[in-house]
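The values are calculated or read from the model by the stated rules, or taken from the named source; none is laboratory data. Bear in mind that the values here come from a model prediction, so they are computed numbers and not experimental data. A quick note on method: Cβ atoms are made from the backbone with ideal geometry, for glycine too, and the neighbour counts reach across all protein chains shown.
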Amino acid sequence: MKSPFILATFVLMATTSITLPAYAEGVPPVVSALFKNWEAIKVTPTYDKLTTDSSGNVTISKLSAIVPGKDAGPEVKFTVGEIVLDGVGAEQNGVIEVGSIKATNSRVEMDSGDGKDFIVEMPSASAEGVHLRLAVDNPTPQQAFLSTYSMANKVSSGSIKITAMGQTITSDGYDMTWDGDATTGDGKFDFKLKNIAVPATVIASMDPTGQMKQLGYGDISFDVTGGADIKVNGDKFGFSSNISYAGKDIGAFKIALDANEVPMAAVAELQKSQKEQRPPDMTALMPQLMNVSFGSFQLRFEDASITRKVLPVIAKMQGMDEATMVANAGAIVQVGLMQLKSQAFTDQVVGAVNAFLKDPKSFTVSMKPAQPVAVQNVMTLNPADPAAAITMLGVSVSAND
């Protein structure tokens, strides 16, 4: 759940990455709240100036912080030219509402010491309708859950530049919207990382044989979009999520998942283990996770020309021409699925594979059981009877739908 907000966290770097004593003398409560949220990672902050006007608006100039490396790893340095918090409200029920937060000249730099530096630069970023949750000592499972993601009605950035090992990848920026309840955690969010441009030099470094170039791909660009709808029920929550990676003139790979009865206590344990720099206590986690249920799951590929380009290459690797490979694909798949002991499912897959290869549009693998399936039900499945699992999970395969 946290991963869609990784970039949003960077956009609002100051809200998640710095530490100062809570309510330190001369530091406004909202700033203390911002800076306390990552005190577990032992960050030491510095800034040139912090000013507050008569309306309670706050400006922080030339802020920087260093996150020490773990296990002798490289340290990470965060810098922001200026952060402006406008429309700061009073704390209510552990939440401070901020009208807007703007950051300029943000930069993340990791110096590995061997010339393989990693740098992320973002000249401008902003958030509107920010619901800042105050960090607390020894949080309850619900408080730990609520702290796992940023709550802002809108987050956006300008261009983003990522440099690694002398190579540069750019993006037109990041947008996110959220419509939810800061008290309960209920809400729906959508995000988009726009036009990630990967130049030919980067492709060549990852593809020394030049296969992508032979397929007609020099520079490539893609968007990452997705979102989730979160529903809280007491000390548990559920979510319906999706994410898509769509490459221009390549295709789109999409993943969707519904899950319910996820215990907040499990989230709290994961957070605690991260803070204490230890593996999660799976002995404690597994009993809590047994009742987590899955309503549906889907993997989908939507072609945008790459399949027609790849088929001749795969056929050549198999020592045959494209037409022969396509004609034989169904038979090969049928032999490979015999061990599943489900002729109906095998026929469905073979039909989908044949249809897709003849006219590549889309290929979808879905899981939609008649009713949500709990983890404990999956654990009781007989490995020697895969057909029963296919039926219980409602697995299906289709093409060009």
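Of all residues assigned to the stretch 177-192, at least one qualifies as being basic (Lys, Arg) and more than 29 Å from SER32 (Cβ to Cβ). The residue pairs whose first member lies in the stretch 284-301 and is free of Cβ contacts under 8 Å to residues at least 24 places away in the same chain, whose second member is buried (at least 18 other Cβ atoms within 10 Å of the Cβ), and whose beta carbons are closer than 7 Å, counting only pairs six or more residues apart or on different chains, are ALA284/GLU269; LEU285/ALA266; LEU285/GLU269.
Residues that are surrounded by fewer than 16 Cβ atoms within 10 Å (Cβ to Cβ) and modelled with pLDDT of 70 or more: does the stretch 38-45 have at least one? No, there is no match, as no residue in the stretch 38-45 is surrounded by fewer than 16 Cβ atoms within 10 Å (Cβ to Cβ) and modelled with pLDDT of 70 or more. State which residue is farthest from PHE237 (Cα to Cα) when the search covers only the stretch 133-152 and only residues that are surrounded by 16 or more Cβ atoms within 10 Å (Cβ to Cβ) and polar (S, T, N, Q). So the residue we want is SER150. Within the option set VAL397, VAL365, VAL353, being modelled with pLDDT of 95 or more, touching a helix residue (DSSP H, G or I) at 6+ places or on another chain (Cβ under 7 Å), in a strand (DSSP E or B) and among the aliphatic types (A, V, I, L, M) holds for one residue only, VAL397. In the set (1) surrounded by fewer than 16 Cβ atoms within 10 Å (Cβ to Cβ); (2) in a helix (DSSP H, G or I); (3) hydrophobic (A, V, I, L, M, F, W, C); (4) within 30 Å of the chain's Cα centre (by Cα), ALA389 fails one condition alone, (1). Considering the stretch 254-300, and only residues there that are among the β-branched types (Val, Ile, Thr) and in a helix (DSSP H, G or I), the residue that is surrounded by the most Cβ atoms within 10 Å (Cβ to Cβ) turns out to be VAL267.
Under the condition of being surrounded by 14 or more Cβ atoms within 10 Å (Cβ to Cβ), part of a helix (DSSP H, G or I) and either touching a Cys at 6+ places or on another chain (Cβ under 8 Å) or in contact (Cβ under 8 Å) with a residue 24 or more places away in the chain (or both), the residues counted in the stretch 325-350 number 7. Checked against the criteria, THR59 does not count as at pLDDT 90 or above, under 25 Å from the mean Cα position of the chain (by Cα) and either loosely packed, with under 15 Cβ neighbours inside 10 Å or hydroxyl-bearing (Ser, Thr, Tyr) (or both). Checking SER305, SER241, SER273 one by one, the residue that is touching a strand residue (DSSP E or B) at 6+ places or on another chain (Cβ under 9 Å) and within 30 Å of VAL378 (Cα to Cα) is SER241 and no other.
A single member of VAL136, VAL80, VAL120 is in the same structural domain as ASP175 (by TED's automatic domain parsing), of a type in the set (A, V, I, L, M) and under 30 Å from PRO263 (Cβ atoms), and it is VAL136.
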